[in-house]
Amino acid sequence: EDPPRSSRQPAVVDESQQGNSEEKMHLLNGSDVSLVKEKAPQRLNIPVIITLIVYMVLKMVLEAVTSSEENLTSLYFGWKGSMVGVHLAILALLIIPINFCVSFLARSYFDRELIIGLLVAMLIGCVIILQYGDMENYNLAQYLVGSAMIFCCANALEAPNMSLLSKVIPRTWSVGIINVGLLATESGTLGRVIGDVLLAVVGSHGLESLVNRAFGTFAVIILGTL
C-alpha cells in the first residue's frame with residue numbers, strides 16, 4: 001500500500017531544498033575563488049600606480065611654479081606683489097582655453113598620448129625657464145614663456161590623467177575607506193609637499209641658484225616619468 005500523499009511531499013521538498021543549497025554553496029565558493037583571483041594582482045596594479053605618480057609630479061611642479069614666482073620675479077625683474085598677482089591671474093585664465101583644446105584633442109588621441117605630449121611640453125618649459133648666463137642677462141620673455149608652459153600643461157595634464165585612471169582602476173578599489181579617491185588626493189598632497197620642501201632646500205643655498213637647481217631637478221623628474 002502506498003504511503004499517504006502528505007508523507008511523500010516533505011521528502012520531495014527536502015531533496016529540492018538540499019539541491020538548491022548545494023548549488024548555492026557551489027556558486028558562493030566559485031565567486032569567492034574568482035574574487036580572490038581578482039583581488040590578488042590588484043595590489044601591484046602598475047597602470048594605477050603610474051597614473052598616481054604622474055598626478056603627484058604635476059602637482060609638485062605646479063606648486064613649485066606658483067610658490068617660487070614672487071621670489072624669482074622680485075629677484076630678477078623687481079616685481080611687486082600686485083604684478084605677481086596679475087601674472088598669476090592671467091595664467092589662471094589660460095586654463096579654460098587650454099582645457100577646451102585638450103577636450104578637442106581627446107577625440108583624436110588616446111589618453112596616454114596626451115599625457116606623454118603634455119609631459120614633454122612641461123619638460124620643454126622647465127628647460128626654457130632655466131638661467132643660462134648671468135642674472136643680468138636673464139630675459140623676462142624667457143621666464144614668462146617657460147612658466148606659462150609649465151603652469152598650463154600641468155593643469156591640462158590632470159584631465160587625461162584622471163580619465164586614464166578611471167579606465168584602469170579595478171572595481172574593488174572604488175569602494176571602502178582606502179579607495180582611489182583617497183589615493184589620488186593623498187598623492188596630490190604629497191606632490192605639493194615635495195615641491196615646497198624642494199624649494200625650501202634649494203632656496204637655503206641662495207635665491208640666485210633657485211631657478212636652475214629647482215627646475216633642473218623637475219626636468220629630470222619629468223624625464224624619468226616619461
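Run down R192, R171 and say which single residue is surrounded by fewer than 20 Cβ atoms within 10 Å (Cβ to Cβ) and modelled with pLDDT of 80 or more.
Selected residue: R192, the only one of R192, R171 that is surrounded by fewer than 20 Cβ atoms within 10 Å (Cβ to Cβ) and modelled with pLDDT of 80 or more.
Suppose the filter is at pLDDT below 85 and farther than 13 Å from V57 by Cβ; does V145 pass it?
Considered against the rule, which asks whether it is at pLDDT below 85 and farther than 13 Å from V57 by Cβ, V145 comes out as no.
Among the residues of region 94-101, is there at least one that is assigned to a helix (DSSP H, G or I) and within 15 Å of the chain's Cα centre (by Cα)?
Scanning region 94-101 turns up no residue that is assigned to a helix (DSSP H, G or I) and within 15 Å of the chain's Cα centre (by Cα).
Residues to consider are A148, A141; find the one that is more than 16 Å from the chain's Cα centre (by Cα) and loosely packed, with under 12 Cβ neighbours inside 10 Å.
Step by step, each of A148, A141 is checked, and only A141 is more than 16 Å from the chain's Cα centre (by Cα) and loosely packed, with under 12 Cβ neighbours inside 10 Å.
Every residue in region 49-80 that is part of a helix (DSSP H, G or I), out of contact with any helix residue (DSSP H, G or I) (no Cβ under 7 Å at 6 or more places or on another chain) and surrounded by fewer than 17 Cβ atoms within 10 Å (Cβ to Cβ), please.
I49, S74, listed by residue number.
Sort out which residues of region 191-211 are among the acidic types (D, E) and under 12 Å from A64 (Cβ atoms), and write them in order of number.
Of everything in region 191-211, just one residue is among the acidic types (D, E) and under 12 Å from A64 (Cβ atoms), namely D196.
All but one of (1) free of Cβ contacts under 8 Å to residues at least 12 places away in the same chain; (2) within 21 Å of the chain's Cα centre (by Cα) hold for A89; state the number of the condition that does not hold.
Result: A89 fails condition (2) only.
In region 105-118, how many are in contact (Cβ under 8 Å) with a residue 60 or more places away in the chain and touching a helix residue (DSSP H, G or I) at 6+ places or on another chain (Cβ under 6 Å)?
1
The values are calculated or read from the model by the stated rules, or taken from the named source; none is laboratory data. Treat the numbers as computed from the prediction; the structure is a model and nothing was measured. All Cβ positions, glycine included, derive from the backbone under ideal geometry; neighbour counts span all protein chains shown.
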